[in-house]
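**Q** If you scroll down you'll find the structure; I have some questions about it.
The values are calculated or read from the model by the stated rules, or taken from the named source; none is laboratory data. Source: prediction; values computed, not measured. All Cβ positions, even for glycine, are placed from backbone atoms using ideal geometry, and neighbour counts span all protein chains on display. For the accessible areas, the whole protein counts, side chains as well, though only heavy atoms, and no ligand, DNA or RNA atoms are used. Shrake-Rupley method; radii C 1.70, N 1.55, O 1.52, S 1.80 Å.
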Number of protein chains: 2
Amino acid sequence: MMTIPASEQLQHMKAHGYDAWLSYQSSLPIAVSAQYRPWCSAICAIEQHETIAAAATELLRGITSMLGVHTAITSAVPDQAHIALGTFGGMFGEASSYPADLFTPTDRESTGAEGFIIRTCPAERCIAIGAAEPVGVLYGVFHLLRLMGTGQPLDTLDEAVVPVNGLRMVDHWDNMDGSIERGYAGSSFLYEQQEFTANQERIRDYARLMSSIGINAICINNVNVHQHETQLITPRYLPDVAKLAGVFRVYGIRLYLSINYASPLELGGPETADPLNDAVRQWWKEKAAAIYSLIPDFGGVVVKADSENRPGPFTYGRNHADGANMLAEALQPYGGIVIWRCFVYNCKQDWRDRSTDRARAAYDHFKPLDGQFHDNVVLQIKNGPLDFQVREPVSPLLGGMEHTHQILEFQITQEYTGQQRHVCYLVPQWKEILEFDTCAQGRYAPVKHVVDGSLWGRARNGIAAVTNVGADWNWTGHLLAQANLYGYGRLAWDPDLSAEAIAVEWVKLVFGLDELVVTAITQMLMDSWPIYESYTSPLGVGWMVNPDHHYGPNVDGYEYSKWGTYHYADSKGIGVDRTVHSGSGYSSQYMGANAEQYESLEQCPDELLLFFHHVPYEHRLKSGTTVIQHIYDTHFTGAERAEALLSTWRELQGRMKQTYYEQVEARLEEQAEHAKEWRDQINTYFYRKSGIEDRERRMIY
Amino acid sequence: MMTIPASEQLQHMKAHGYDAWLSYQSSLPIAVSAQYRPWCSAICAIEQHETIAAAATELLRGITSMLGVHTAITSAVPDQAHIALGTFGGMFGEASSYPADLFTPTDRESTGAEGFIIRTCPAERCIAIGAAEPVGVLYGVFHLLRLMGTGQPLDTLDEAVVPVNGLRMVDHWDNMDGSIERGYAGSSFLYEQQEFTANQERIRDYARLMSSIGINAICINNVNVHQHETQLITPRYLPDVAKLAGVFRVYGIRLYLSINYASPLELGGPETADPLNDAVRQWWKEKAAAIYSLIPDFGGVVVKADSENRPGPFTYGRNHADGANMLAEALQPYGGIVIWRCFVYNCKQDWRDRSTDRARAAYDHFKPLDGQFHDNVVLQIKNGPLDFQVREPVSPLLGGMEHTHQILEFQITQEYTGQQRHVCYLVPQWKEILEFDTCAQGRYAPVKHVVDGSLWGRARNGIAAVTNVGADWNWTGHLLAQANLYGYGRLAWDPDLSAEAIAVEWVKLVFGLDELVVTAITQMLMDSWPIYESYTSPLGVGWMVNPDHHYGPNVDGYEYSKWGTYHYADSKGIGVDRTVHSGSGYSSQYMGANAEQYESLEQCPDELLLFFHHVPYEHRLKSGTTVIQHIYDTHFTGAERAEALLSTWRELQGRMKQTYYEQVEARLEEQAEHAKEWRDQINTYFYRKSGIEDRERRMIY
């Protein structure tokens, strides 16, 4: 193999999607760029702050690239029209050269620590971005660049933009050997061969990408903390962690670590990890002090305890409040938080045992502990009761825990949704979840108000998600999977954005403003989740994948396993009875109308029918068709629609970079092929099991 | 971990079964040992030959251990009663101190190169073991030691013992990294970390074990020859191979190597492996010369070509006769042979395609080539058309190839028969296969007469088997799995031995002569194959295992795969239609009555019904019950009988070494547990699929 010079390599990566939505394309329509140009001859940024500097540099880069004009960063207010960046207390403060009323006292109170105001000021001949903190200024710059990249007018800007959620986090499941658990975009760019990678440029570009979508927290290692990664909190690696935190800090991102609950034992401390043991408590306090001495803004720790064979407080007869609170005490003096995952269930279930229901587990474990957690403990709750299936009900813990800080956990990486070999734009799924009314306290209480803290007036709130990035040139393997990463950040910032609006933004920023391209790709994205769902597991029943790696159809793949994930299909019917009446009673974990709706065979929505009920194949859905015919129909049309995605794409050839075109085409070809495999295996399985013919007499094997 | 001294380690291994059937136990009944003792005060062995020396040493070891007496090896005929060991041309030759008529001219002609005569000679006050060659003397000594270990009288010995099969081979599937493909007894004792192991003592003990059961050929590496192992035929490793061959040689064993058909390309020779290319032919000739210069008795090569992604002549548009003959020419000058495996099939089948039948493949590939192979090519034919399932019909190639040398391939390692975690004594299965009448040429033509060469008077004949040994202390993981290794050797020597007689021998040699122990373990062994079959895949349909590793139940594990291994179960019935009338026509590959029997739904034996026919679950078997009820019944009783094996074993506690007792008890406990898992998964699968109740209303999930 030839060695490619680093610069050439970077060009190659850029040609394949490395810049993602920060590519700042020069292809704006002339009318648009003509409108922008007058504002862009100078950038005024006076404050000496690394984040302000990064903001100004980013803006310079964007303007130069998009408009092809010369511009400069100045520390004196220029004569010509310009863009002014600063904090309310700094450049726009008392000694400001700008008028004091450029930002009113009301303005200054409206942004919080992370928001900003962006305002076109004809009198001062500037577009001013003002914020309470430097990070707000940076967010404002990314906002402006997004407006420009999507061709929006700049002449009448006047808005306060404030993130709705406090914590907007991504979780890496990277291991230090370079592997990524559930990673589908190459190996880790954080680690290789048990060390941190030396590629600071990529780390900085990653921080830029994350900051541009408002991410303010990154956990840098797998929640399954293996032996080697346990050492991340030791002097062996803390200097490297601190270096990474330093890069993130510039971009307003706090670094978090996943920790091994058994760290004291494994790192030569006390011979126990009992959270009520004094020596253990002291050990963690000293550990916290050591971490914060190097990383003063260290975010905190993420903990997967007593789950899937990970150690935890159960070992010592303690509950999860004991376990989390002990860590919380250690972090409290420094403002750190403990993010405690609720993904706790019996992973050694006997498939014969129908009395145990994994879906119940998180609620059963944590609901009784509501109110017992310290103020700097935050529970992290997966969106559904199982595990990031293509379709699940919303976790009943969301809305069920009034007295506990909580964040919602999404999965950007497509573990069960096509593994970045299939296109599956997940923002519509996340929107549904965020809009779901939990019926908490008998009033409108959507998940988005649970997680943003407004429902119960709780401060520590937000969303976390398992990220989908890796060392692939385009970060996400499938180029279209970038839309999930982008969309996640945008949605965490503002859950009221529509999935379609987010898709349009991303498509324009990556592919440019060609109307046909924008319309076609947006439609592909919007269709993709329903398409994927239609040819995979039906009606909310989930799984039906190959064990372990979770790719590809295998209807009985988890049916006789220990994982608590069954469909109970027999010759007569299919589904899991989770009713109070005759099943596991899981439906009673919901409140009010939700509990009633899920309990009722008549009211239960079609798409979740088999999650809540075991029904005969001839059961008639609300849609009017039978369950078995629905399975056949959706699998035939799903595979057809996957094929159609490819046709749609092919119509776009020549309207984008060939390198973009080809990589997506190859993935869509694979998807179309593999959708047929899903179609045939699922249909054949149910045809062979039920003996019921397809009404349309299509080919089933 | 503490380091254990080598000698202590060896004692520990011996306590756990390392000596296997060569443990020469001192627990013989007094009456028996008193009878033996008079003959055993001296061993007369005059000839200077490493094999004779090994024979005398072995006898000395056995006598000393079993009888606790002092004995000596002498080179002069002693005065007292003794055992005399020698060749007809040597110690019993013209210059012999023994009477010339101790062995008559008829005797001398009767033994061939490997047989021997053992005779009690009261006049000469000796038990004489005479043979044409030193290896026959060694076999005679092992024979005598077996008689003693099993308590047989020695006073009237007078028999010529001659192996029925010429080639009695074991194949190692060991890789040089120390792994063993389909190995269930620890890592390799031949290799570690890409080198030959240094443990010559273990190698020698292994050679003793193999020689004691008559093995005369060992292939030392996996038929799937990976990159590193391709180098075994290079100067890098040939000296190591030669050293190993030297140890084997003492014990009458020839060494074989599996070779990579693409060796010329991979080892820097011609850029092709086309068998008709002159440079390739020359390359192999030079390679053969190099091998034989170091190993003059090198046995030859084993080749898996064009199978499961291995390279082969198909790549160059040549057939398998072209491919094998080219290698045969290279080996011919030195007396080497090419063992060419017939395990060739399409391993990328589409499960939707019912017109392709993997069972047909070997016959379809090789039958047309009958008569085209050189005289030193031997086809190696797996016992069944698929792959060592618990039940398969006999391969129709056996009996189908009149003009081609062929050996039968068994699998001692229990890939599909419990992986040495379940007891499954395979000798009864092998016996059925050897006794199977192929109907070749319209007369009695059992497989055993095909493979011993007598049917068509062919000289190069015999049996090979994939061995089950590894670095575990007791060689085979499950102590009772030693019986398969032992039994294979004994059966290859003489296919007319009964499975039960072989079991009794092995049990006595390992556990001693306690009547209760012998009866109980023999019965366990004899029951074990039917028990394993009864709780695993039913009525000859095969598979239903987890993919890749092949352990544990998974009914649909291979149903939607590319491997050509399907059961086609639907709500109405199950089985593979291989009839001429309506199926793949595989049944026509058999001759005469066999073809007729398998084609006929009425005549087809129950145990192969689903191999040949797709039938409704309510189809009534010859046994009187229906297919579905048979599945339920056998799985319930199979699991019960597995449990009963454990009970039987527990009655033997205190009647054997505790170290033997405990290791087998642990495996039987696991088997009993896992048999329940098979029972429940298989029954549940078919209950759910068919909807038919068990008549006995037992628990199905």
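**Q** Could you work out how much longer the chain between B:N546 and B:S75 gets when fully extended? Use 0.36 nm per residue separation minus the Cα distance between them, nm to one decimal.
**A** Gain on extension, B:N546 to B:S75, equals 163.6 nm.
**Q** Let a ≥ b ≥ c be the square roots of the eigenvalues of the Cα gyration tensor of segment B:1-114; is it rounded (a/c under 1.5), or, if not, prolate (a/b larger than b/c) or oblate?
**A** Prolate, since a/c reaches 1.5 and a/b exceeds b/c.
**Q** For A:K562, project a label point 7 Å along Cα to C-beta. Then give me every residue of segment A:344-380 with its amide nitrogen under 18 Å of that point.
**A** Once the point is set 7 Å along Cα→Cβ of A:K562, A:344-359 turn out to lie under 18 Å by backbone N, inside segment A:344-380.
**Q** Cα to Cα, under 27 Å, and not fewer than 8 places away if on the same chain: which lysines meet these conditions relative to B:K287?
**A** B:K243, B:K304
**Q** To test your reading of the geometry: what angle, between 0 and 90 degrees and rounded to tens, separates the Cα axis of helix B:238-250 from the longest principal axis of chain B?
**A** The angle comes out near 70 degrees.
**Q** Count the net charge of all other residues whose Cβ sits under 15 Å from the Cβ of B:N461, scoring Lys and Arg as +1 and Asp and Glu as -1.
**A** Neighbourhood net charge equals -2.
**Q** Still on this structure: Can you tell me how much longer the chain between B:S623 and B:R37 gets when fully stretched, taken as 0.36 nm per residue apart minus their C-alpha distance, in nm with one decimal?
**A** Contour length minus the Cα-Cα distance gives 205.6 nm.
**Q** Restricting the count to DSSP beta bridges whose residues both fall in chain A, what percent are antiparallel, rounded to a multiple of 5?
**A** 30 percent
**Q** With a 1.4 Å probe and every protein chain left in place, tell me how much accessible area B:C439 has, in Å² to the nearest 10.
**A** 30 Å²
**Q** Can you list the HN-Hα couplings for segment A:45-51, worked out from phi with the Karplus curve (6.51, -1.76, 1.60; θ = phi - 60°), rounded to whole Hz and with x for Gly and Pro?
**A** 9, 8, 5, 8, 8, 4, 6
**Q** Relative to the longest principal axis of the C-alpha atoms of chain A, give the angle of the C-alpha long axis of helix A:627-650, reported between 0 and 90° and rounded to the nearest 10°.
**A** 30 degrees
**Q** A:T57: accessible area at probe 1.4 Å, nearest 10 Å²?
**A** Counting only protein heavy atoms, the figure is 70 Å².
**Q** How about segment B:538-579: which trypsin sites (Lys or Arg not before Pro) there lie in a loop by DSSP and see at most 13 other Cβ atoms within 10 Å?
**A** Passing sites in segment B:538-579 are B:K562.
**Q** Across 10 Å bins from 0, what is the distribution of all Cα-Cα pair distances for segment A:268-371, in whole percents?
**A** 14, 41, 30, 12, 4, 0
**Q** Turning to a different aspect of this structure: What's the magnitude of the charge dipole for chain A around its Cα centre, counting Lys and Arg as +1 and Asp and Glu as -1 at the beta-carbon? Answer in Debye, nearest 20.
**A** With Lys and Arg at +1 and Asp and Glu at -1, about 180 debye.
**Q** Right, here's the next one. Put a dot 7 Å past each Cα toward the Cβ at A:Q152 and A:R698; how far apart are the dots in nm?
**A** 4.2 nm
**Q** Defining a contact as two alpha carbons under 8 Å apart and six or more residues distant in sequence, what relative contact order in percent does segment B:56-215 show? Could the numbers behind the result be given before it?
**A** Details: 216 pairs, mean separation 27.9, N = 160.
So the answer I get is 17 percent.
**Q** Something else now. Non-local amide H neighbours of B:A465 (under 5 Å, H modeled in plane, Pro and chain starts lacking H): which ones?
**A** Hits under the 5 Å cutoff: B:M169, B:V170, B:D171, B:F410.
**Q** Can I ask one more? As I understand it, the dipole of segment A:110-254 uses +1 on the Cβ of Lys and Arg and -1 on the Cβ of Asp and Glu, about the Cα centre. Which of A:T111, A:N165, A:N199 lies farthest toward its positive end?
**A** Farthest towards the positive pole: A:T111.
**Q** Additional query: Students often get this wrong: which residues of segment A:288-318 have the backbone nitrogen under 18 Å from the point 7 angstrom along Cα-to-C-beta of A:K348?
**A** A:305-318
**Q** Roughly how crowded by other chains is peptide B:680-693, in terms of the mean Cβ count from those chains within 10 Å of each of its Cβ atoms? Spell out each step's value before the answer.
**A** Numbers: counts 4, 5, 1, 0, 6, 5, 1, 2, 9, 8, 4, 6, 1, 0.
The mean count of partner-chain Cβ atoms within 10 Å per residue comes to 4.
**Q** Give the carbon-plus-sulfur fraction of the accessible surface of chain B in %, rounded to a whole number; probe 1.4 Å, heavy atoms of protein chains only.
**A** Details: 12270 of 24260 Å².
Looking at chain B in its full context, I get 51 percent from C and S.
**Q** So for segment B:205-292, Kirkwood radius off the Cα pairs, Stokes-Einstein at 20 °C and 1.002 mPa s: how many µm² s⁻¹? Don't jump to the answer; show the numbers that get you there.
**A** Details: Rh = 14.1 Å.
The Stokes-Einstein estimate is 152 µm²/s.
**Q** Using just the helices of chain A, give the 222 nm mean residue ellipticity in deg cm²/dmol: DSSP H runs with n ≥ 4 each add -39,500 (n - 2.57), and the total is spread over all residues, rounded to 500.
**A** -11000 deg cm²/dmol
**Q** How high is the FRET efficiency from B:S65 to B:E8, r the C-beta distance, R0 22 Å, rounded to 0.05?
**A** Calculated value: 0.70.
**Q** So, in Å, what gap is there between the alpha-carbon centers of segment A:615-690 and segment A:530-546?
**A** So the separation of the two Cα centres works out to 11 Å.
**Q** Now, a different point. Using Cα-Cα distances under 8 Å and only pairs 6 or more residues apart, what relative contact order does chain B have, in percent? Intermediate results must be reported in sequence, preceding the final value.
**A** On the way: 1402 pairs, mean separation 82.5, N = 701.
Contact order relative to length: 12 percent.
**Q** Follow-up question, since we're still on this one. Just reorder B:E559, A:E94, A:E640 by solvent-accessible area, largest first, 1.4 Å probe, all chains present.
**A** Most to least solvent-accessible, the answer reads A:E94, A:E640, B:E559.
**Q** Give me the distance in nm between label points sitting 7 Å out from Cα along the Cα-to-Cβ direction at B:T120 and B:E500, one decimal.
**A** With each label point 7 Å from Cα toward Cβ, the separation is 2.6 nm.
**Q** Moving to a separate point now. Express in Å², to the nearest 10, the accessible area of A:Y345 obtained by rolling a 1.4 Å probe over the protein heavy atoms while all chains stay in place.
**A** Answer for A:Y345: close to 20 Å² accessible.
**Q** Right, here's the next one. If you add up the charges near A:A361, with Lys and Arg at +1 and Asp and Glu at -1, over every other residue whose beta carbon is less than 13 angstrom from its beta carbon, what do you get?
**A** +2
**Q** Okay, next question. What size of dipole, in debye to the nearest 20, comes out for segment B:1-136 about its Cα centre when the only charges are +1 on Lys and Arg C-beta atoms and -1 on Asp and Glu C-beta atoms?
**A** Details: 6 positive and 13 negative charges, 101 e Å.
Using only the charged Cβ atoms, the result is roughly 480 debye.
**Q** Along the charge dipole of segment A:1-114, pointing to its positive end and built from +1/-1 on Cβ of Lys, Arg, Asp and Glu, which listed residue (A:Y18, A:T57, A:I43) has its Cα farthest out?
**A** It is A:Y18.
**Q** Once you have a ≥ b ≥ c as the square roots of the Cα gyration tensor eigenvalues for segment A:560-632, tell me rounded if a/c is under 1.5, and otherwise prolate or oblate according to whether a/b is larger than b/c.
**A** Numbers: a/c = 2.22, a/b = 1.14, b/c = 1.95.
Oblate, because a/c is 1.5 or more while a/b does not exceed b/c.
**Q** Next question, about the same structure. Treating the angle as unsigned and between 0 and 90°, give the value, to the nearest 10°, between the Cα long axis of helix A:6-15 and the longest Cα principal axis of chain A.
**A** 60 degrees
**Q** How much net charge surrounds A:E435 when only other residues with a Cβ under 10 Å from its Cβ are counted (Lys, Arg +1; Asp, Glu -1)?
**A** Surrounding charge for A:E435 is -1.
**Q** Give me the extension gain from B:H403 to B:T315: residue separation times 0.36 nm, minus the current Cα-Cα distance, reported in nm with one decimal.
**A** Using 0.36 nm per residue and subtracting the Cα-Cα distance, I get 29.1 nm.
**Q** Charges on Cβ only, +1 for Lys and Arg, -1 for Asp and Glu, centred on the Cα centroid of the protein assembly as shown; of B:Y256, B:Y184, A:T74, which one is farthest towards the dipole's positive end?
**A** Most positive-ward Cα: A:T74.
**Q** Also, I was wondering about something else. May I ask you to give the solvent-accessible area per residue for chain B, in square angstrom, as obtained with a 1.4 angstrom probe?
**A** Here the residues of chain B average 35 Å² of exposed surface.
**Q** First measure r as the distance between the Cβ atoms of A:E515 and B:Q282, then evaluate 1/(1 + (r/R0)^6) with R0 = 60 Å and state the FRET efficiency to the nearest 0.05.
**A** Approximately 0.35, to the nearest 0.05.
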